[in-house]
Amino acid sequence: MVHESLERAAELAVSRYGASPLRVYALVHEVRAALERGESVDLYELFQRDQVLTLPQVNDLRFALDRTQIDLRGDPPKNGSPPAGPAPPPGEESLADLRMLGDYHLLRQLGEGGMGAVFLGYHEQENRQVAVKVLASDSARHQPTLDRFYREAKSGAHLNHPNIVRNLGFGQDQATGLHYLVLEYVDGQSAQQLLEHFGRLTVGDAVHIVLDIARALEHAHSRSIVHRDIKPGNILVAKSGLAKLSDLGLAKRTDETSHLTHTRQGFGTPYYMPFEQAMNAKRADARSDIYALGATLYHLVTGEVPFPGMNALEIMDRKQAGDFVPARTHNAAVPAELDRIIHKMLARDPQDRYQTASELIVDLERADLAADVPSFIDPLDAYSDPLVRERLTTPNQVTQLDLRDGVAAEYWFVLYRDRHGNLCKAKMAGTLLRRRLRSGRLAQDTKVARTPKGPFVAAGAVAELRDGEAEPAAKATKGRPVKATADPMLRWWWMLALTLLVSVLTLLLLIFFNFSARQ
């Protein structure tokens with residue numbers, strides 16, 4: 001029981017106050033060794049002695065430890081569990097009793113966590129349902145927690161993507177003083193709930209979800225936002241099958257500095273975050289999110305986390321070594337190509353991972369493993385979503401009519417690197433592609449394909465695209481026939497014959513004049 005209490009204190013010190021995991025767990029080992037020798041050592045005093053935590057943080061931690069249980073998965077307790085902690089002070093309304101907040105009617109509670117609760121809300125004038133995330137009063141008194149809450153609101157305001165839960169607004173209710181965040185309501189389940197229900201997902205379903213989240217990360221990273229808490233609990237799957245990334249509470253902007261990195265904001269969830277993020281949250285970048293998404297993909301297809309452990313220290317020890325059981329060992333249905341992708345996502349060294357979400361998307365699309373619609377989704381619900389319907393009805397083989405030229409224009413899909421070195425994919429008309437290859441704007445080894453999923457080959461190896469090849473379709477002039485071009489060899493023979501004829505005539509004339517002169 002004593003060791004369990006130590007682990008809980010260590011977890012809170014890291015997750016709530018952003019203390020260095022290495023320093024915290026070094027002190028835990030020191031206390032354990034002292035207890036084995038029969039000595040009495042107070043971990044909280046060591047935190048203060050080594051300046052791991054401040055005195056107010058130590059006092060707050062002592063109080064929090066008495067009423068908080070740490071869940072390594074980072075998931076909120078299920079509805080119906082008894083509320084933790086003492087009753088709210090007089091004059092403060094319990095979150096469960098809320099019926100109105102700002103302009104939103106609170107219909108029912110969707111979930112509850114240590115920081116507050118999430119409600120299904122309804123805006124009468126706009127006639128729409130939303131999710132209202134409410135920060136509990138005692139959490140709002142903790143300034144780093146309040147800062148994190150509003151940082152989530154500001155980060156969400158920079159993002160607008162179908163695979164990211166939209167941020168619709170935030171504020172403080174005048175009547176209750178509660179801080180709240182208004183989010184898009186996603187009618188569906190989290191990936192964590194799907195795991196709890198099915199144990200593990202089929203390969204097609206898992207890749208479908210992860211591919212959607214990779215697209216979300218591509219958008220967020222392009223706007224200098226790193227999520228830092230990718231996990232099944234933060235992935236929502238709508239009834240249409242569209243997966244959406246939620247909870248930007250730990251997100252940071254890579255183009256600015258913030259003191260929040262030193263606080264609770266700097267930590268993620270041990271099972272999914274990479275080793276470098278655990279050691280120093282300021283080092284987290286786009287590749288850290290890719291690692292966490294890889295751990296999530298592993299969990300979805302196997303039902304197991306890649307680096308299990310009873311506490312964060314044990315988990316991080318395994319991540320430092322970097323070895324994990326291949327996904328195919330847990331699930332024989334996992335193909336070798338997907339196992340290779342997972343290994344690259346979970347590489348110990350960030351340099352060995354996918355460097356961008358775009359690169360990951362290309363590999364996942366090439367593998368062609370994602371289900372068009374997850375098996376647990378009703379197809380009618382899928383087609384009700386305009387975005388999903390567009391994806392399902394757009395053919396892979398693209399041959400469209402160019403109305404400006406009046407001829408059929410063929411299109412190619414091109415892989416290239418932008419000025420930042422990121423791997424990108426674009427659809428390009430054949431005429432434009434040939435022009436750029438001839439001008440050198442695109443190299444001959446540029447990868448091209450007829451379909452979005454490939455196979456991609458070097459442009460120089462495609463006969464239709466080589467220099468000197470005729471254009472696929474000549475543009476017809478308005479009512480005028482196109483002049484035929486003469487064969488160059490035939491023209492040369494005509495010129496030679498004409499030269500010989502002129503030479504013979506000249507010779508005959510010379511003979512004639514010489515003969516006339518003799519007469």
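Numerical summary
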| quantity | calculated |
| --- | --- |
| Candidate set: region 245-260, residues that are under 23 Å from GLU218 (Cβ atoms) and not in a loop (DSSP other than H, G, I, E, B); chosen: the one modelled with the highest pLDDT | LEU245 |
| Residue tally, condition more than 19 Å from TYR291 (Cβ to Cβ) and either among the acidic types (Asp, Glu) or in a loop (DSSP other than H, G, I, E, B) (or both), over region 216-239 | 2 |
| Matching residues in region 444-456 - criterion: being at pLDDT 85 or above and exposed (fewer than 13 other Cβ atoms within 10 Å of the Cβ) | ASP445 |
| Tabulated pairs, region 315-343, first in contact (Cβ under 8 Å) with a residue 12 or more places away in the chain and closer than 13 Å to TYR298 by Cα, second of a type in the set (Lys, Arg) and in a helix (DSSP H, G or I), C-beta under 9 angstrom, 6+ apart or interchain | PHE324/ARG318; VAL334/ARG328; PRO335/ARG328; LEU338/ARG328; ASP339/ARG328 |
| Wholly within region 300-390, helices (runs of 4 or more DSSP H) carrying at least 2 residues that are under 23 Å from HIS161 (Cβ atoms) and not acidic (Asp, Glu) | 336-345, 357-367, 379-383 |
| Near pairs, Cβ below 8 angstrom, 6+ apart or cross-chain, from region 364-387 (more than 26 Å from TYR354 (Cβ to Cβ)) to any residue that is of a type in the set (Lys, Arg) and not in a loop (DSSP other than H, G, I, E, B) | ALA382/ARG389; TYR383/ARG389 |
| Single match in GLU184, GLU196 (criterion: in contact with a strand residue (DSSP E or B) (Cβ under 8 Å, 6 or more places away or on another chain) and not aromatic (Phe, Trp, Tyr)) | GLU184 |
| Verdict on HIS208 being in contact (Cβ under 8 Å) with a residue 12 or more places away in the chain and outside the structural domain of SER375 (by TED's automatic domain parsing) | no |
| In region 119-138, the residues that are crowded, with 21+ Cβ neighbours inside 10 Å and of a type in the set (Val, Ile, Thr) | VAL132, VAL134 |
| Residue satisfying all of: in region 282-303; of a type in the set (D, E, K, R) and at pLDDT below 95; farthest from TYR354 (Cα to Cα) among these | LYS282 |
| Which listed residue is over 19 Å from the mean Cα position of the chain (by Cα), in the same structural domain as VAL203 (by TED's automatic domain parsing) and at pLDDT below 95, from ASP368, ASP323, ASP363, ASP385 | ASP323 |
| Residue ID - farthest from the chain's Cα centre (by Cα), chosen from residues in region 43-74 that are surrounded by fewer than 19 Cβ atoms within 10 Å (Cβ to Cβ), at pLDDT 70 or above and not in a helix (DSSP H, G or I) | ASP50 |
| Count of region 138-174 residues which are in a loop (DSSP other than H, G, I, E, B), touching a strand residue (DSSP E or B) at 6+ places or on another chain (Cβ under 8 Å) and farther than 30 Å from ASP212 by Cα | 1 |
| Selection status of ARG166, touching a residue at least 24 places away in the same chain (Cβ under 8 Å), charged (D, E, K, R) and either assigned by TED's automatic domain parsing to the domain that holds PHE119 or out of contact with any Pro (no Cβ under 9 Å at 6 or more places or on another chain) (or both) | no |
| Hits in region 201-227 (condition: of a type outside the set (Val, Ile, Thr) and within 12 Å of the chain's Cα centre (by Cα)) | LEU211, ASP212, ALA214, ARG215, ALA216, LEU217, GLU218, HIS219, ALA220, HIS221, SER222, HIS227 |
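Condition check ((1) of a type in the set (A, V, I, L, M, F, W, C); (2) surrounded by fewer than 24 Cβ atoms within 10 Å (Cβ to Cβ)) across all residues:
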{"residue": "TYR272", "(1), (2)": "no, no"}
{"residue": "PHE275", "(1), (2)": "yes, yes"}
{"residue": "LYS282", "(1), (2)": "no, yes"}
{"residue": "ASP289", "(1), (2)": "no, no"}
{"residue": "ALA295", "(1), (2)": "yes, no"}
{"residue": "GLU304", "(1), (2)": "no, yes"}
{"residue": "MET310", "(1), (2)": "yes, yes"}
{"residue": "GLU314", "(1), (2)": "no, yes"}
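The values are calculated or read from the model by the stated rules, or taken from the named source; none is laboratory data. Here the structure is a predicted model, which means the values were calculated and not measured. Neighbour counts run over all protein chains shown; Cβ positions are idealised from the backbone, glycine included.
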